[in-house]
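Notes follow the structure.
The values are calculated or read from the model by the stated rules, or taken from the named source; none is laboratory data. Fair warning: this is a prediction, and the values are worked out from it, not measured in the lab. Glycine also receives a Cβ, built like all others from the backbone with ideal geometry; neighbour counts cover every protein chain displayed.
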Amino acid sequence: MGNPMRIRAKLDGDVVDAKVLMNHAMETGQRKDASGALVPAHYITKVIASCNGKTVLEADWGPSVSRNPLLGFRFRGAAAGDTLSVTWTDSMNDTRTDEAVIG
Amino acid sequence: MIARHRTRAIAGLAFAALTAASSIVLAQPEDDPVAEYRAMMGDDNPAEFWVMRGEALWTTPRGPASVSLEQCDLGMGPGVVKGAYAHLPRYFADAGEVMDLETRLLHCMVTLQGIPREEALKQRFGDGARESDFEALAAFVAEESRGQMLDVPLDNPAMEKAYALGKEMFFYRAGTHDFSCATCHGQTGVRIRLQQLPNISEAEGARAAYSGWPAYRVSQGEVRTMQWRLQDCFRQQRLPQLEFGSEASIALTTYIAHNANGAVMDAPGMKR
């Protein structure tokens, strides 16, 4: 299920400026908690952004990406009012999709 | 005395070596990587996730009494959240003492919701999946004072006493290193490692130090409160552990907040 992302997508000329703030623990599997026990790995492995049925970004992620990461990217070929959809999948096979209308 | 002189001499040497090695990097004394990072993040502060969770916690019936915190009086009347954080710490007649935000939240959890104190305090600081209600609630309440002017008057003998105690503690040297808070926070324009350390004993520095807390701590991926900040500085000062919500912690917070009066609140902020 995951927690909701916050997606902002703004048209700047013919380029969409997208910012995606994700709510994810991004545990590396190397960190120990206060009692000294290893915290199990749990991180996003794949991010896919699509618009008008087309993939505009596909990224393979690993444990070195920060907790609650902010992903910024730009792409062409969209108009105001189109929907940008972002999906992540993580190392525990959890997945989450959120959408935003391009403004 | 001898030990103190030696420390100063070593610190002086280290500083000389550092300037020699990196004079180019230090050419701009205003260099502030954390501010740069903040600018890159823009309006995207992950603290927002804590604010959302805090708001849900505030309005959800919880505890043995199964009531929400919506009747919690943060100082401006039951249920008033807007602007409340800009007037904390303050004296609460119903409790007979000065309370800061976290202590007041604890008070409401215990008295309104019937949650046992020890249980409420178990996760006073969050760690990954073990989330802290305090950090979420504090983020939510602070957000409701964003843009407001901090006004913490010493309008009551208890507030005067808390301020005086906080001030005394701020300058009190103790522990294995003979540090006081002022050792690290009593000068303007100096830094430790890459951290620009504010001079909390004067208004400008106190405002910089106070107005952004609670804050999302990037290095920990957690929202931390002023109670957390102070106990971590106690650790850095090699003092015994600072009790959450203790008289000492509230006195220090009162000292910093009163010095910071006039600050425009900008919490939850973002810190290293």
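If we keep just the residues of region B:148-202 that are among the aliphatic types (A, V, I, L, M) and in a strand (DSSP E or B), which is nearest to residue B:33 (Cα to Cα)?
By that ranking, first place goes to B:192.
Residues in region B:223-244 that are buried (at least 18 other Cβ atoms within 10 Å of the Cβ) and either modelled with pLDDT under 95 or over 15 Å from the mean Cα position of the chain (by Cα) (or both): how many?
2
Of all helices (runs of 4 or more DSSP H) completely enclosed by region B:45-132, which ones contain at least 2 residues that are without any contact (Cβ under 8 Å) to a residue 40 or more places away in the chain and of a type in the set (D, E, K, R)?
Because the criterion is at least 2 residues that are without any contact (Cβ under 8 Å) to a residue 40 or more places away in the chain and of a type in the set (D, E, K, R), the helices (runs of 4 or more DSSP H) in region B:45-132 that meet it are B:117-121.
Quick one: how many residues across region B:238-272 are among the aromatic types (Phe, Trp, Tyr) and part of a loop (DSSP other than H, G, I, E, B)?
Here the count works out to 1.
In region B:194-217, which residues are surrounded by fewer than 18 Cβ atoms within 10 Å (Cβ to Cβ) and closer than 26 Å to residue B:137 by Cβ?
Matches in region B:194-217: B:208 only.
Take region A:40-64 and flag every residue that is under 17 Å from residue A:94 (Cα atoms), in a loop (DSSP other than H, G, I, E, B) and not aromatic (Phe, Trp, Tyr).
Scanning region A:40-64 gives A:40, A:41, A:62, A:63.
Testing residue B:154 on (1) of a type outside the set (Gly, Ala, Ser); (2) on the phi > 0 side of the Ramachandran plot; (3) in contact (Cβ under 8 Å) with a residue 40 or more places away in the chain, one condition comes back false. Which one is that?
The number of the failed condition is (2).
What is the one condition in (1) away from chain A (no Cβ under 14 Å); (2) more than 20 Å from the chain's Cα centre (by Cα) that residue B:99 does not satisfy?
(2)
Looking at region A:44-78, which of its residues are surrounded by 12 or more Cβ atoms within 10 Å (Cβ to Cβ) and hydroxyl-bearing (Ser, Thr, Tyr)?
If the condition is that a residue be surrounded by 12 or more Cβ atoms within 10 Å (Cβ to Cβ) and hydroxyl-bearing (Ser, Thr, Tyr), then A:45, A:50, A:66 are the ones that fit.
With respect to residue B:191, determine if the residue is charged (D, E, K, R) and either crowded, with 21+ Cβ neighbours inside 10 Å or within 14 Å of chain A (Cβ to nearest Cβ) (or both).
For residue B:191, the condition - charged (D, E, K, R) and either crowded, with 21+ Cβ neighbours inside 10 Å or within 14 Å of chain A (Cβ to nearest Cβ) (or both) - is not met.
Of all residues in region A:14-55, which are within 14 Å of chain B (Cβ to nearest Cβ), touching a residue at least 60 places away in the same chain (Cβ under 8 Å) and among the aliphatic types (A, V, I, L, M)?
The answer is A:18, A:20, A:22.
Inside region A:32-43, can you point out the residues that are over 30 Å from residue A:84 (Cβ atoms) and surrounded by 15 or more Cβ atoms within 10 Å (Cβ to Cβ)?
A:39
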